[in-house]
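Each reported figure results from applying straightforward, stated rules to the coordinates on display, with no laboratory input. All values derive from a computational prediction rather than experimental measurement. For neighbour counting, all protein chains shown are included, and Cβ atoms are generated from backbone atoms with ideal geometry for every residue, glycine included.
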Amino acid sequence: MPLITFPRKLVVQRDFLESLGDFLINEGLTKVLLISDKNVYAIQVERIKKGLEGIETQLFVDVSPEPTIEAIEDAFEKLRNLNVDGIVAFGGGSVIDFAKSVAVKLSDPAKNLREISPFEYIKLRFPLIAIPTTGSGSDASFATVLTDGTRKFPTGNYSLVPMFDILDSSVFAENSDLIRNTGVDAIVTAIEAVVSNTSNIMTDAIAEKSLPILFENLEMTMKGNKDNVDDVQLAMTMAGIAFSNSGSGLVHCLGHSFGSTFHIAHGKSVGIFLPYVIEFLSSDATTRSKYEYLASLISKGNSKSLIDLLKEFYKKIGQPLTVRDAGITKKDYEERMGELVEKAMEDSELAFNPIFVSNEDMKNLFEIAYDGDQPL
């Protein structure tokens, strides 16, 4: 990557939500657009109102999971005449990606969201403030993932890294399925950040530190242990910073294609394909040595392989290891194999993969991941 970017300020403080207004005023922000979704907003509505006392607030809570480009264009038409000096995104990855995209359209109404590139200059009219309620990593990254028809559409720009990232663990989701999905996604992004062909010593250090924290604490956080949630939330953001500055890779190509085709949660999707991609990429000596090093960090010197560690971990937290375990019939899967391969091969994340991947390689990986009992 040509740049290394971070949020300008990263606030890590439980129960910070009640102080949000004071924070914004100190940053010179008195009129904000708050973007959220109905469910998340309803849970925290009283705390949000208290936290934003003294701030002129416009509210938009019509964000759906996996936002479409069409939905963002519709929102822009409703919001284009707003007079605000900041956008607050309160929610999970979909909300934050939605807010980033709305900010682009409000700043440049003619901009085609399908054509956003990391290598162009985009000047936002106002700062983005992210308050994540899940661990998607979007709160600290330049990336967005939108839905365009039946395809996931990953893109990004360095201007879309939120200026302020507020990690308040008191608003972190308590749903165990959601915690598992975003936790597995963070593990995948951290591992892919390390083996990416654009990784560097800074992204490696951040990703490598996040992985043991997630392996040690995610299960207890899923069970409602509040002692673990602060570390888990910060580790998820660290994984987001790492992949934002090094790229992801083949696992995300497979996961984006599979998730958008069969409407499976993103974290669950990428988690399924991770072990098979590790085995495939281990044919490259440099990549294999990186996997071995990560396994030693996670296991604290134990001789287990990264694949074996993942299999044990998946069993503990209830993450599917195969496509079949995710409830997809073989007939449906095989019927859409051509579509799956095509979408994965067109995914922009493939550019960061450490070795070349052919159509046949991609098809083979999809086939092996169905029940996991075929050799690569």
request  = Give the residues of segment 240-252 that are part of a helix (DSSP H, G or I) and closer than 24 Å to V323 by Cβ, sorted by residue number.
outcome  = F243, L250, V251, H252
request  = State whether one or more residues within segment 86-104 are out of contact with any Ser or Thr (no Cβ under 9 Å at 6 or more places or on another chain), surrounded by 24 or more Cβ atoms within 10 Å (Cβ to Cβ) and β-branched (V, I, T).
outcome  = yes
request  = Those residues that are more than 20 Å from M163 (Cα to Cα) and buried (at least 19 other Cβ atoms within 10 Å of the Cβ), I need them from segment 1-43; list them, please.
outcome  = D37, V40, Y41
query = Mind checking whether some residue in segment 240-248 is of a type in the set (S, T, Y) and under 26 Å from D373 (Cβ atoms)?
reply = no
query = Restricting attention to segment 44-67, does a residue exist that is touching a strand residue (DSSP E or B) at 6+ places or on another chain (Cβ under 9 Å), among the aliphatic types (A, V, I, L, M) and surrounded by fewer than 17 Cβ atoms within 10 Å (Cβ to Cβ)?
reply = yes
inquiry  = For segment 344-360, give me each residue that is assigned to a helix (DSSP H, G or I), under 19 Å from the mean Cα position of the chain (by Cα) and surrounded by 16 or more Cβ atoms within 10 Å (Cβ to Cβ).
reply    = A344, S348, E349, L350, F352
